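The values are calculated or read from the model by the stated rules, or taken from the named source; none is laboratory data. Since the model is a prediction, treat every value here as computed from it, not as a measurement. We place every Cβ from the backbone using ideal geometry, glycine too, and count neighbours over all the protein chains shown.
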Amino acid sequence: MTTQVDAVGLRAKARLGIRVAVWLAVLTVVEYFVAVGLDSPLVWLLFLAAAKGWLIMRYFMHVNEVFEGGH
Amino acid sequence: MALSAGAAHERAEAMWRPRANRLGLWLFFASEAFLFAAFISARFVTSGTDKPDALNQPLALAITVVLLASSISAYLAETSIAHGDRKGLIRYLSITIFLGLVFLVGVVFEFREAVEYFPPGTIYGSNFVALIGLHGFHVFTGIVALAVALGLGKKGHFEPDDYWGVEGVVKYWHFVDLAWVIIYPTLYLF
């Protein structure tokens with residue numbers, strides 16, 4: 001069976017994913033320099049890890065679908 | 001129009017099955033999170049926020065970036081099949097598997113350095129080896145699952161309205177990435 005490719009929808013979703021990935025990369029680099037530069041970086045690192053975790057769960061794992069259902 | 005009992009069952013199944021699958025997977029993630037939380041808390045309880053100077057920070061940062069990159073390729077694989085692009089599914093699943101293997105090679109180098117500078121006999125060393133080993137095993141099982149999805153995808157399985165096999169595996173891969181987002185600062189940065 002041949003399936004039609006939804007190129008427009010695919011591009012839009014891909015752009016969103018890449019934007020999220022760029023944010024994750026930026027936060028990781030910030031995390032590294034915060035850890036290297038600050039004497040007690042604990043609170044900042046917790047905040048940055050939480051932000052990265054939220055981005056992954058919200059945009060990559062689609063946690064909201066558990067409560068909404070459907071694709 | 002009245003539906004036959006079989007058709008009604010199929011319709012209900014199609015409506016509720018994806019939700020039940022997702023809920024089941026998230027409950028599994030919750031149980032996994034408790035396991036990782038136990039190991040992470042053990043690191044802080046036994047050695048506070050102390051860490052050895054010999055930690056290879058550039059290597060840890062590099063494999064973190066590799067794992068994050070594998071998450072975007074996994075996302076693109078799922079997005080591809082959701083929009084009917086089978087070639088994209090195969091391409092991005094292959095990239096994800098490759099990046100996962102690169103991450104594992106990095107982990108092997110980490111292990112070698114750990115044994116040399118802070119062996120498992122030390123408090124930090126035992127926490128390090130346990131956490132990295134636990135996560136590394138999850139990465140390995142994720143790669144196996146991704147390879148199974150890749151094989152099925154190549155054989156023509158999965159369609160835009162039926163790709164739970166890909167979705168489940170990709171979500172698991174993101175969970176492995178999420179665990180590393182916590183483990184990386186726990187072992188290297190605090």
Within the range A:45-64, how many residues are over 18 Å from B:Val176 (Cα atoms) and either of a type in the set (Gly, Ala, Ser) or surrounded by fewer than 16 Cβ atoms within 10 Å (Cβ to Cβ) (or both)?
3
Could you tell me whether B:Tyr188 is modelled with pLDDT under 95, more than 17 Å from B:His83 (Cα to Cα) and aromatic (Phe, Trp, Tyr)?
yes
B:Thr49 being farther than 27 Å from B:Phe98 by Cβ, surrounded by 12 or more Cβ atoms within 10 Å (Cβ to Cβ), at the interface with chain A (Cβ under 10 Å from one of its Cβ atoms) and touching a residue at least 60 places away in the same chain (Cβ under 8 Å)
yes
Would you call B:Phe175 buried (at least 17 other Cβ atoms within 10 Å of the Cβ), facing chain A (nearest Cβ under 10 Å) and within 30 Å of B:Leu23 (Cβ to Cβ)?
yes
Quick one: in the range B:160-172, of everything that is charged (D, E, K, R) and touching a helix residue (DSSP H, G or I) at 6+ places or on another chain (Cβ under 8 Å), which residue is surrounded by the fewest Cβ atoms within 10 Å (Cβ to Cβ)?
B:Glu167
Small (Gly, Ala, Ser), surrounded by fewer than 20 Cβ atoms within 10 Å (Cβ to Cβ) and over 23 Å from B:Trp164 (Cα atoms): is that true of B:Ala62 in this structure?
yes
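For every residue, the table says whether it meets (1) more than 7 Å from every other protein chain (Cβ to nearest Cβ); (2) among the aliphatic types (A, V, I, L, M); (3) not in a helix (DSSP H, G or I).
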site: A:Gln4; (1), (2), (3): no, no, yes
site: A:Arg11; (1), (2), (3): yes, no, no
site: A:Leu24; (1), (2), (3): no, yes, no
site: A:Tyr32; (1), (2), (3): no, no, no
site: A:Leu46; (1), (2), (3): yes, yes, no
site: A:Ala50; (1), (2), (3): yes, yes, no
site: A:Leu55; (1), (2), (3): yes, yes, no
Out of B:Phe111, B:Phe140, B:Phe128, sole residue that is part of a helix (DSSP H, G or I), over 18 Å from the mean Cα position of the chain (by Cα) and more than 27 Å from A:Phe47 (Cα to Cα):
B:Phe111
Hits in the range A:13-22 - residues which are facing another protein chain (nearest Cβ under 7 Å) and loosely packed, with under 14 Cβ neighbours inside 10 Å:
A:Ile18
Options B:Phe39, B:Phe98, B:Phe34; residue that is in a helix (DSSP H, G or I) and touching a residue at least 24 places away in the same chain (Cβ under 8 Å)
B:Phe39
In the range A:35-44, anything in a helix (DSSP H, G or I), more than 8 Å from chain B (Cβ to nearest Cβ) and either of a type in the set (S, T, N, Q) or surrounded by 13 or more Cβ atoms within 10 Å (Cβ to Cβ) (or both) is listed as A:Trp44
If you take the residues of the range B:48-66 that are farther than 19 Å from A:Ala49 by Cβ and part of a helix (DSSP H, G or I), which of them is modelled with the highest pLDDT?
B:Leu59
Index of the failed condition, B:Leu93 passing every other in (1) more than 30 Å from B:Ser41 (Cβ to Cβ); (2) modelled with pLDDT under 95; (3) surrounded by 15 or more Cβ atoms within 10 Å (Cβ to Cβ); (4) not small (Gly, Ala, Ser):
(2)
Give me a count of the residues in the range B:52-102 that are more than 11 Å from every other protein chain (Cβ to nearest Cβ), touching an Asp or Glu at 6+ places or on another chain (Cβ under 7 Å) and either charged (D, E, K, R) or closer than 19 Å to B:Phe175 by Cα (or both).
0
Residue under question is B:Leu68, and the condition is that it be buried (at least 16 other Cβ atoms within 10 Å of the Cβ), in contact with a Leu (Cβ under 6 Å, 6 or more places away or on another chain) and within 28 Å of A:Asn64 (Cβ to Cβ); does it hold?
yes
